[in-house]
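The values are calculated or read from the model by the stated rules, or taken from the named source; none is laboratory data. This structure is a prediction, so every number in the text was calculated from the model and none was measured. Glycine also receives a Cβ, built like all others from the backbone with ideal geometry; neighbour counts cover every protein chain displayed.
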Ligand SMILES: N[C@@H](CCC(=O)N[C@@H](CS)C(=O)NCC(=O)O)C(=O)O
């Protein structure tokens, strides 16, 4: 994906993340001073969605991200597609594409 595609918000997502029916099923792992996280949060706000967020500057949230998602990189959207079953969606452009695609269903 080029920087231009990233700026436009185009996604490199190959395997679509599972759809869910409510933002209650979503958690955004993010941290302060992360421009990629800020970009995701501004799109979430623009869409009028409320998504719980966890700050990975707190060790317990970083640990949960690393053990569940496998990487410490943020932003990462945790999607609970079945009770106790999580899909960990990394990459700001892919998270933005996901929330845009599912915005209406998530409201
Ligand atoms: N391509 C990624 C880049 C994300 C990224 O580089 N995030 C930084 C924070 S701004 C990160 O998590 N770095 C690893 C770390 O801080 O441990 C995206 O667009 O989401």
Of the numbered conditions (1) exposed (fewer than 12 other Cβ atoms within 10 Å of the Cβ); (2) within 14 Å of the ligand (Cβ to nearest atom); (3) over 17 Å from residue 34 (Cα atoms), residue 48 fails exactly one; give the number of that condition.
-> (2)
Output the residues belonging to the stretch 51-80 that are part of a strand (DSSP E or B) and surrounded by 13 or more Cβ atoms within 10 Å (Cβ to Cβ).
-> 53, 54, 55, 76, 77, 78, 79, 80
State whether the residues of the stretch 21-28 include one that is modelled with pLDDT of 95 or more, within 11 Å of the ligand (Cβ to nearest atom), under 15 Å from the mean Cα position of the chain (by Cα) and assigned to a loop (DSSP other than H, G, I, E, B).
-> no
Just give me the residues in the stretch 30-50 being part of a loop (DSSP other than H, G, I, E, B) and within 21 Å of residue 20 (Cα to Cα), in sequence order.
-> 47, 48, 49, 50
